[in-house]
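This report concerns only the one structure given below.
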Amino acid sequence: MILRKNISLNEDYLKKLDPLMQKHNGNLSAVIREVIDLADVAFQDPDSVKKLISGLKKEQNLTSSTLVWALKNLGGRLPDEETVHNIIGNDISSLSDVERRLNELGNEVYWGMSIKINPDNNIQPKSATFSIDGKNPDANRYLAAVIALFVAKKFGLGISEIRCINGSLEMNLIKGENSWIHNKILENFGRMDAVFSELHKKPDFWNVLIHLYAKMNYDMSVIPRQLFEEIQGAGMTYKITNCIERFCGCPINQIPPEDFLENLKVLYKTMGFIEDIDINNESIIIHHRFSNPDAIGKLANNFIELLHLNGRTYSSTAGENLIVLKQLPEIGKILIRMVEDIKTREEPVADYYTDLFNILKMLKNVPSNDEFIRSLGTRFGTKIIETYKYKKNISEWDAGTFIKYLQDMNDILKQESKWSNVSENIICGKIMNCPLVKMDAQINSNNCMFIKSLYDIWISNAFGEHIERVHNMSQPSGNESCEIYIALKS
């Protein structure tokens, strides 16, 4: 039933109704119906309405301030399809329908904007210009993104140009291919869309990585895991000490051990060097995806060195997919400290025998561990050859200088040996007697391994990793001499 009544309104009341009159295209009956709906809500909860009116009287209120903040931080992100549909709705068949609907929304509380559309054709446009006037540029841009997504799907229009003039946004659209339309939307409104999508997929990962880049002042290089493996396998030692110290905010030797392990785990996983780390009281188990044995060994040594810098000594056992690190007793730390404290001498071969003898004597008290023994030998051997190179002013090794070096090392090792060139690029050495290996008439396997690691690091230091070498080591019975062959690059 329709009830008709005469209503008397003076000019003041008509002015108050003017926004609703514009919304309903001058239809006073529709305006009165909406006012009655609003009054019904007000009668149901009058206190909330009073609070709403009080808030609307303020230029900055909780709702409007939150909206402005949200829109500003949505810059570079596209609204999803459901949001666009909820804003514009279904009852749209022409661009004038879009204009009407958007102006209804623009007149709502907090927005304060108007939209004008000039198309070449209202139903099947090939081009159109959208003008958005509003007090907030972030709101204007957000609504422009909503429009661009809607008209792209509904009318096949894409962005040809966007201009911002005196707080107003003007957007020109033309007909185009779907791929071009999509790219233009991303270019103008969605440049951060893929970034935020990834951030939300792995927030913990990106939080660590962004924090690290900021701490390193972006002095970082990103490389694929496979390239990192190749670098490790090629004999280059990768040190991440600087990253860890900046990430933790203090020198590596001041980081509490339990914090250090957790930070090392997070950092190495995030940077893609490893898959995971299991930490317990007795061991550290590193899960990796490397396949190059040299790279795996160097990754293990990298961990051992970092842990040593943090104040703990570990040994390693490397497998196909796992590296197991076990903490050594205190004597292992003392041995490493002994090697580090060895002083550079005026005569590089003068007194190193005493140092070597003391190290091997102490080594008898360390539980047998091949990796630790080789690591200790590498440290000691590196110190000797680097000192020799410096004192003898050697910038590049050849067969002659290296044979002379090995002959000089007999004074340290107390060996009886012969070294010579058997051909242009092959060095041959025969060790007839090695007192440091044969103790108490028995061959000490740990000492033998230590001495062998000296030769390995000397050869690698002089000629690099990619050379051929053969060790024919002495055995507990039978022939107790050793032979070493080194094939240099031609």
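Laboratory data are not the source of any read-out in this text; all were calculated from the coordinates shown. Just so it is clear, the structure is predicted and the values come from calculations on it, not from any experiment. We place every Cβ from the backbone using ideal geometry, glycine too, and count neighbours over all the protein chains shown.
Quick notes on this structure:
- Across Lys215/Lys391; Lys135/Lys215; Lys361/Lys430, pairs whose alpha-carbon gap is larger than 29 Å: Lys215/Lys391; Lys135/Lys215
- Between Asn365 and Arg225, the simple label model (points 7 Å from Cα in the Cβ direction) yields a spacing of 4.3 nm.
- Calculated FRET efficiency for the pair Glu305/Ser65, C-beta based, R₀ 60 Å, to 0.05: 0.70
- Mean separation of Cα contacts under 8 Å (6+ apart) over length of segment 356-490, as relative contact order %: 28 percent
- Under 23 Å from the Cα of Lys389 - lysines, other chains or at least 8 residues apart: Lys343, Lys404, Lys414, Lys418, Lys452, Lys489
- Remark: the Asn6-Asn321 segment gains 104.6 nm on full extension, using 0.36 nm per residue and subtracting the alpha carbon distance.
- Annotation: peptides 444-456, 162-174, ranked by per-residue average of other Cβ atoms within 10 Å with the highest first, follow the order 444-456, 162-174.
- Taking Cα atoms only, the orientation of helix 62-73 departs from the longest principal axis of the chain by about 50 degrees.
- Here the gap between Met21 and Asn73, fully extended at 0.36 nm per residue and compared with their Cα-Cα distance, gives a gain of 15.3 nm.
- The length gained on full extension between Ser291 and Gln254, counted as 0.36 nm times the residue separation minus their Cα-Cα distance, comes to 9.9 nm.
- Between helix 203-215 and the chain there is an angle of about 70 degrees, using the helix long axis and the longest principal axis of the Cα atoms.
- Footprinting exposure proxy for Asp411, Asp18 (fewest neighbouring C-beta atoms within 10 Å first): Asp18, Asp411
- Amide hydrogen neighbours beyond the local backbone of Lys126, cut-off 5 Å, H modeled: Asp120, Asn121
- Peptides 112-119, 372-379, 387-394 ranked from most to least packed by the mean count of surrounding Cβ atoms within 10 Å: 372-379, 112-119, 387-394.
- Segment 152-298: Cα Rg divided by the 2.2 N^0.38 Å rule of thumb: 1.57
- Applying 1/(1 + (r/R0)^6) with r as the Cβ-Cβ distance of Ala194 and Lys489 and R0 = 56 angstrom yields a FRET efficiency of 0.75.
- On Cα atoms only, tilt of 293-309 relative to the major axis of the chain in degrees: 90 degrees
- Annotation: amide H of Gly176 within the under-5 Å range of Gly158, sequence separation 5 or more or interchain, hydrogens built in the peptide plane.
- Site pair Lys430 and Cys164 shows an inter-label distance of 8.5 nm when each label is modelled 7 Å from Cα along Cα→Cβ.
- Site pair Thr83 and Ser131 shows an inter-label distance of 2.8 nm when each label is modelled 7 Å from Cα along Cα→Cβ.
- For Met362, net neighbour charge (Lys/Arg +1, Asp/Glu -1) across residues whose Cβ lies under 12 Å away: +2
- Kirkwood hydrodynamic radius over Cα pairs of the chain, then Stokes diffusion coefficient at 20 °C and 1.002 mPa s, in µm²/s: 71 µm²/s
- Placing R0 at 35 angstrom, the Cβ-Cβ distance between Asn178 and Ser114 gives a FRET efficiency of 0.70 after rounding to 0.05.
- Overall form of segment 62-199: oblate. Here a/c, set by the Cα gyration tensor axes a ≥ b ≥ c, is 1.5 or more, and a/b is not larger than b/c.
- Residues of type aspartates and glutamates that Lys116 reaches as a straight line, Cα spacing below 17 Å, ignoring anything fewer than 8 places off in the same chain: Asp97, Glu99, Glu104, Glu108, Asp133, Glu161, Glu170
- The chain: calculated mean residue ellipticity at 222 nm from DSSP helix runs of at least 4, using -39500 (n - 2.57): -16500 deg cm²/dmol
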